[in-house]
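*Asks:* Structure below; questions to follow.
Rule-based calculations on the coordinates, nothing more; no lab input. What you see is a predicted model; the values in this text were computed from it and never measured. Glycine also receives a Cβ, built like all others from the backbone with ideal geometry; neighbour counts cover every protein chain displayed.
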């Protein structure tokens, strides 16, 4: 989870590949009206997000019910969004890819082919509610290092659960 441009897709896809899990990018599940708003530089409202979060929650529950692990790259900036996303998903873990706004803005400037308007970065930082129960990692470390940190944390959690 994290603001646009923090590396959710890059890190999530690499993590999923290394773990042999499915990868889903929440951006691919937005309805067209949400995409159009973001392209225009308009921030989504909570009402815009509710059906999207419910759809993602259904996907998470379906995969868990089938015994499948997956990585979902999703902004999940507010606590209410994370609660809605995690409903009835007991093994869901959040990882906040955190970083300096200047670094992330530079990454957005170099990004091509994404519908998210970089002008929305400030609004995303403004609504970000830092989770109390998430692994928080600094994106300056780079994708490979972040994936290794996440894998180590997941191994540690699995060991503690035994």
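*Asks:* How far is it, in nm, from the label point at residue 102 to the one at residue 68 when both lie 7 Å from their Cα along the line to the Cβ?
*Replies:* Label-label distance for residue 102 and residue 68, simple model: 4.3 nm.
*Asks:* Build a GNM of the chain with springs between Cα atoms under 10 Å: which of 101, 78, 90 gets the top mean-square fluctuation?
*Replies:* Its mean-square fluctuation being the largest, the pick is 90.
*Asks:* For the peptides 50-63, 1-14, what is the packing order when you average, over each peptide's residues, the other Cβ atoms within 10 Å and list the highest mean first?
*Replies:* Details: 50-63: 15.9, 1-14: 22.6.
Those peptides, ordered most packed to least, come out 1-14, 50-63.
*Asks:* With the contact rule set at Cα under 8 Å and sequence spacing of 6 or more, what percent relative contact order holds for segment 8-161? Before the final figure, lay out each step's value.
*Replies:* On the way: 143 pairs, mean separation 49.6, N = 154.
Across segment 8-161, relative contact order equals 32 percent.
*Asks:* Which value at 222 nm does the chain reach when only helices count, each DSSP H run of 4 or more adding -39,500 (n - 2.57), with the total divided by all residues and rounded to the nearest 500 deg cm²/dmol? Write out the running numbers ahead of the final one.
*Replies:* Values: 7 runs with 84 residues, N = 162.
Rounded to the nearest 500, it is -16000 deg cm²/dmol.
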